[in-house]
Amino acid sequence: MAAAGYFAVTNVHSFLAVNDPVDGGILVIEGWTPDYAFAEAISEFKLHHYDKLYVTGGEIEHGGALSGYRTYAELGVTILSGMGMDATSFQAAPAPAVGRDRTYASAIALKQLLLRNGKSPNEINLLTLGVHARRSCLLFEKAFGPGTKVGIVAIKDQSYDPARWWKYSRGFRSVTDELVAYCYARLFFHPYTE
C-alpha cells in the first residue's frame, strides 16, 4: 500500500501536466498563464507554423491589479504585443463572465469566434500551465466535439519543482486542486448548450 501511495504521489504531476501536441492547425494559449508561457507560445508558433494564435480567457476580477483589462484574453494579446509578436498573427477570444466552468466557457467562446469567421479547425494545440493541462484538454475536447483533435502543450510551472511538488505550498495546492478538478470534469461535468 505504501508503494502504491509513493507511486501515485510521484506520478500524479506528470499525469496532469501532460504533453500531447498535434501537428498544425491553430495554437491557443489560456490568457491567465504567466508571461513566460506567452514567450513559449511565441516560440511554439514560430517553430510549427500555425495558422493563428488565439488567446482565451474570461473576466478579470474587478479591483485587482490588472483591472485595466476586461478579460484575460485582452491581457494576453497585450502581452504578445509587448513581446514583439506581429499583431496579425494573434487574436483575443474573450469569454463571458461565468461563475463556474471557466475553461469550458473559454473553449466555447473560441469555438463561436471561429465559427463566426467561417473557420472549423481540424486540429488545435492548447498551451497552458503545468497541471492544468489534462483538464483543459478534456474541456476543450468536450467543447469542440469529435470533429476537432485537441493537442496539449504543458508549460513547466516555474514556481515549484515538478519532481518534488509536494514540498512546495504552491505545488501542493496546484496538484491537489487540479486532481480534484480533473476528477470532477471527468466524472460529473456535462457540457451545456452553447
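The values are calculated or read from the model by the stated rules, or taken from the named source; none is laboratory data. Remember, predicted model here, so these are calculated numbers, not experimental data. We place every Cβ from the backbone using ideal geometry, glycine too, and count neighbours over all the protein chains shown. Calculation scope for accessible area: heavy atoms of the full protein, side chains included, ligands and nucleic acids excluded. Shrake-Rupley method; radii C 1.70, N 1.55, O 1.52, S 1.80 Å.
One table, with the values for the structure above:
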| item | result |
| --- | --- |
| Antiparallel %, DSSP beta bridges [both residues in the range 1-150], to 5 | 5 percent |
| Euclidean distance between Cα centres, the range 171-193 to the range 55-127, Å | 21 Å |
| Other-chain or far-sequence residues with amide H under 5 Å of I152's (modelled H) | D20, V22, L126 |
| Compactness index (Cα Rg / 2.2 N^0.38 Å), the range 52-139 | 1.09 |
| Overall dimensions of the range 1-124 by Cα: Rg and Dmax, Å | 16.7, 55 |
| Calculated P(r) of the range 94-194 - Cα pairs past 19 Å, % | 47 percent |
| Ratio Rg/Rh, restricted to the range 1-61 and using Cα atoms, in which Rh is the Kirkwood radius | 1.15 |
| Å² per residue, accessible surface of the range 70-194 at 1.4 Å | 51 Å² |
| Residues A3 and A97, FRET efficiency given R0 of 45 Å [Cβ-Cβ distance, rounded to 0.05] | 0.45 |
| Relative contact order of the chain, pairs being alpha-carbon contacts under 8 Å that are 6 or more residues apart, as % | 26 percent |
| Accessible area of the chain belonging to carbon and sulfur atoms, whole % at 1.4 Å probe | 55 percent |
| Pair S81, D51: separation of 7 Å Cα→Cβ label points (nm) | 2.5 nm |
